[in-house]
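K.L.:
Structure incoming, see below.
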Amino acid sequence: MAYLEDLFTVKDKTALVTGGATGIGRMVATALVQGGAHVYIASRKGADCEAVAEELNGLGAPGRAEGFAGDVGSEEGVKALAAELAQRTDRLNILVNNAGISWGEPLETFPHAAWQKVMNVNVAGLFTLTRDLLPLLDKAASDADPARVINLGSVMGTVPLADGAYSYSASKAAVHHLTRILANEFAARRITVNAFAPGPFQSKMTAFATGTDEKADIVGRGVPLGRIGSPDDIAGATLYLCSKAGAYISGAILPLDGGMSAHDSNRLFKDFQ
């Protein structure tokens, strides 16, 4: 058992989770605190981050959490976030770029402004924050235990799903490609870069469809494995990629979608077989 604990531990690692007060970001932060990491949670609403950090610190877990305001929606916001983190720690083992927004509207009325707003947060903010935190990531990186970057993509960036969220889907495809680009560029620095590509999970963004157990069950019926994702699904993937177990993984887009990205639902001749 000691071998497995050592393989999957994140004890004493330092992590930043953007958008970590709700949804998948909170699931990631919870897993890292439970695993023994010191986790910084940042989002636009600093009070929410502080409240979540207090809740996590009350779990009796081996890790600790701190919350503060941080906005990746502008270059100034990114610089302020990076500066705040540098005041709190001199190294960063794990960066989870979870902050993101969406915009849903019918094709006929989908606004031009929705493209700039969504791409600015989901892609430009992710890139700029990662770049600005390289000095802290470099200090934590080593041959045996690289620093880790996890970007939040989506099944909607893998398969041609839009459901009116055209800029969101395109932004997540961009996140996947950028993940591979940065994995290639950061390898020499001993920093791994991977992405989660989640299917449906309960979150603020998907509350319209998963906000109640009844709604979540309906959505889950459309997933090959018959349910939406759970916090344990996120926790397992997080601890895998952030621990010694995932030290040799880089450039991967990890599907956490219950088989949605592999589901053969669009075969051309399926009705004739």
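FYI, it's all coordinate maths here, none of it is from the lab. Not measured: the values here are computed from a predicted model. Methodologically, a virtual Cβ is constructed for each residue, glycine included, from the backbone with ideal geometry; neighbour enumeration extends over all protein chains shown.
K.L.:
Taking K and R as +1 and D and E as -1, what net charge do the other residues with C-beta under 9 Å from the C-beta of G67 add up to? Write down the numbers at each step before the final one.
P.N.:
Working: positive: none; negative: D48, E50, E54, E66.
Once positives and negatives cancel, what remains is -4.
K.L.:
Let me ask another. In percent, what relative contact order does the chain have, based on Cα pairs under 8 Å that are 6 or more apart in sequence?
P.N.:
Once divided by the residue count of the chain, the mean separation gives 19 percent.
K.L.:
Here's something else I'd like to know. Of K45/K215; K45/K117; K45/K79; K139/K172, which ones are farther than 20 Å apart at the Cα?
P.N.:
Pairs exceeding 20 Å: K45/K215; K139/K172.
K.L.:
Computed on alpha carbon atoms, what radius of gyration and Dmax characterise region 129-212, expressed in Å?
P.N.:
Considering region 129-212 through its Cα atoms, Rg and Dmax are 15.4, 46 Å.
K.L.:
May I pose another question? Beyond 21 Å, what percent of the Cα pairs of region 5-90 remain?
P.N.:
Across region 5-90, Cα pairs with separations above 21 Å total 25 percent.
K.L.:
Can you give me the Kirkwood hydrodynamic radius for region 174-260, using every pair of distinct Cα atoms, in Å to one decimal? It would help to have the intermediate numbers written out before the result.
P.N.:
On the way: mean 1/r = 0.0702 Å⁻¹.
Evaluated on region 174-260, it is 14.2 Å.
K.L.:
What number, in percent, do you get for the relative contact order of region 101-196 if the mean sequence gap of Cα pairs under 8 Å and at least 6 apart is divided by its residue count?
P.N.:
That works out to 36 percent.
K.L.:
Still on this model: Can you bin region 87-129 into rounded, prolate or oblate? Criterion: square roots of the alpha carbon gyration tensor eigenvalues sorted a ≥ b ≥ c, rounded for a/c under 1.5, prolate for a/b above b/c, oblate for the rest.
P.N.:
It comes out prolate by the Cα gyration axes.
K.L.:
Same structure, new question: Which residue, chosen from L7, N122, S74, occupies the Cα position most advanced towards the positive end of the dipole of region 3-260, where the dipole is computed from +1 (Lys, Arg) and -1 (Asp, Glu) charges on Cβ about the Cα centre?
P.N.:
Farthest towards the positive pole: L7.
K.L.:
I've got another one for you. Take the eigenvalues of the Cα gyration tensor for the chain, scale each by 5, and report the square roots as semi-axes in whole Å, largest first. Show your work: numbers first, answer last.
P.N.:
On the way: eigenvalues 170, 92, 74 Å².
Equivalent ellipsoid of the chain: 29, 21, 19 Å, largest first.
K.L.:
Related question: What area, in nm² and to one decimal, does the C-alpha convex hull of region 1-148 cast on average over all directions? Intermediate results must be reported in sequence, preceding the final value.
P.N.:
Details: hull surface 41.1 nm².
Mean projected area of the Cα convex hull: 10.3 nm².
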